[in-house]
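The values are calculated or read from the model by the stated rules, or taken from the named source; none is laboratory data. Keep in mind it's a predicted model, so treat the numbers as computed, not measured. Cβ atoms come from the backbone with ideal geometry, glycine included; neighbour counts cover every protein chain shown.
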Amino acid sequence: MISLGTIRAAGPLMLAPIAGFTDSPYRRIARRHGAGLVVTELVSAEGIVRMNRKTRDLLGFSDEERPIAVQIFGNGPDIMADAAAVVEELGPDMIDINMGCPARRVCASGSGAALLLDPNKIRAVTESIVKKVRIPVTAKIRIGWDVDTLTYRDTVRALEDAGVSLIFVHGRTRAQQYGGRADWNVIREIVEMTAVPIVGNGDIRSFTDAHERMAFSGCPAVMIGRGAIGNPWIFSGRTPTSAEVITQIKEHLDMMIDAYGDWGIMLMRKHFVRYIHAFRGAKKIRKEIVVSNDRDEIHEILDSLISA
Ligand SMILES: Cc1cc2nc3c(=O)[nH]c(=O)nc-3n(C[C@H](O)[C@H](O)[C@H](O)COP(=O)(O)O)c2cc1C
């Protein structure tokens, strides 16, 4: 266990939320491979207050995933505090506020990355949640709206004032979406300007990258998103054998079927592609695997990859 202020994590390499990928099964897998902390994908505060079916599914987690943050997004102090109170009842270790989602639909309502343009609103939203719940509150931010509107100094000051326990910093602007490069110089500057623990994020593709970025930036921990999809070994630095990869994929598939029934096979397709891309013969196998709806057949196709 490591301590980041009041937050306890199982290690310094954390799993970033990737909507559609880092659901409960994958978070469990990441934790088994050594991810120090996991976060749910963003969940709408309005959806939480109404508690519709989709929202309930997104909020589900198991004890094996701890420490876990539930991430919420919304645009006003009242709705966010109400949602946080509902979430706290579910027993997560912390609540994370999304201040980075670049989607037009989310930003148009003043949520996600749009918050970066309004430090007063950041302060109001965050304060209302901090006052409402007993568990730690964190925020996941970007460094600004675009290259001409780098808002990170005001954002971080507002979050400090409001009493957040930790800040995840994705070193890109909203305009960059997921392209270009994350700016780790800015992440380092943020570490130097605040006493709040900073977890840097962006473009970490290996265990070595993770440790280099921590050393460079002074971050006590880092968060890995795309680099962890299809590669949970990134958290331990181990290079798996082909047989281990296949065993992991099969286990993941079975966990998806447990969680979602047959629909889990469909949801697993995007993971297959990530796991097997480096295998010899992957292209041919991929075509077969993504049209199969049969668990046993998929297991057989996977086994053929090792014997190929
Ligand atoms: C498809 C996709 C979905 C994402 N969903 C979320 C999300 O729900 N909440 C969030 O805070 N960030 C989300 N992110 C951003 C990641 O958490 C992370 O900040 C970003 O991908 C940069 O890290 P990486 O280079 O390690 O992937 C998403 C990114 C991608 C590509």
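Could you identify the single residue in Arg226, Arg238, Arg280 that is surrounded by fewer than 15 Cβ atoms within 10 Å (Cβ to Cβ), modelled with pLDDT of 95 or more and out of contact with any His (no Cβ under 6 Å at 6 or more places or on another chain)?
Values: Arg226 fails: surrounded by fewer than 15 Cβ atoms within 10 Å (Cβ to Cβ); Arg280 fails: modelled with pLDDT of 95 or more.
Of Arg226, Arg238, Arg280, the one residue that is surrounded by fewer than 15 Cβ atoms within 10 Å (Cβ to Cβ), modelled with pLDDT of 95 or more and out of contact with any His (no Cβ under 6 Å at 6 or more places or on another chain) is Arg238.
Quick one: which strands (runs of 3 or more DSSP E) sit completely within the stretch 1-88 and have at least 2 residues that are away from the ligand (no atom under 16 Å from the Cβ)?
Values: elements: 2-4, 7-9, 13-15, 68-73.
Fully inside the stretch 1-88 and qualifying: 2-4, 7-9.
Which members of the stretch 30-44 meet the condition of being crowded, with 23+ Cβ neighbours inside 10 Å and in contact (Cβ under 8 Å) with a residue 60 or more places away in the chain?
Ala30, Ala35, Gly36, Leu37, Val39, Leu42
What are the pairs with Cβ atoms under 7 angstrom where one residue, in the stretch 180-194, is touching a residue at least 24 places away in the same chain (Cβ under 8 Å) and over 10 Å from Arg213 (Cβ atoms) and the other, located anywhere, is among the hydrophobic types (A, V, I, L, M, F, W, C) and assigned to a loop (DSSP other than H, G, I, E, B)? Sequence gap at least six, or different chains.
As it stands, the answer is Val191/Cys219, since those pairs meet every condition given.
Go through the residues of the stretch 141-155 one by one and say whether even a single one is touching a residue at least 40 places away in the same chain (Cβ under 8 Å), farther than 14 Å from Asn201 by Cα and more than 11 Å from the ligand (Cβ to nearest atom). Give the steps one after another, and end with the answer.
Initial filter on the stretch 141-155 (touching a residue at least 40 places away in the same chain (Cβ under 8 Å)): 141-143, 153, 155.
Pick out the ones that are also farther than 14 Å from Asn201 by Cα and you get 153, 155.
Narrowing the set further to residues that are more than 11 Å from the ligand (Cβ to nearest atom) leaves 153, 155.
Yes, the stretch 141-155 contains a residue that is touching a residue at least 40 places away in the same chain (Cβ under 8 Å), farther than 14 Å from Asn201 by Cα and more than 11 Å from the ligand (Cβ to nearest atom).
Against the condition more than 16 Å from the ligand (Cβ to nearest atom) and either acidic (Asp, Glu) or assigned by TED's automatic domain parsing to the domain that holds Gly100 (or both), how does Arg188 come out, does it pass? Even if it seems obvious, please write down each step before you answer.
Details: more than 16 Å from the ligand (Cβ to nearest atom): yes; either acidic (Asp, Glu) or assigned by TED's automatic domain parsing to the domain that holds Gly100 (or both): yes.
Considered against the rule, which asks whether it is more than 16 Å from the ligand (Cβ to nearest atom) and either acidic (Asp, Glu) or assigned by TED's automatic domain parsing to the domain that holds Gly100 (or both), Arg188 comes out as yes.
Might you let me know whether the stretch 248-271 holds any residue that is part of a loop (DSSP other than H, G, I, E, B), within 13 Å of the ligand (Cβ to nearest atom) and modelled with pLDDT of 95 or more?
No, every residue in the stretch 248-271 fails to be part of a loop (DSSP other than H, G, I, E, B), within 13 Å of the ligand (Cβ to nearest atom) and modelled with pLDDT of 95 or more.
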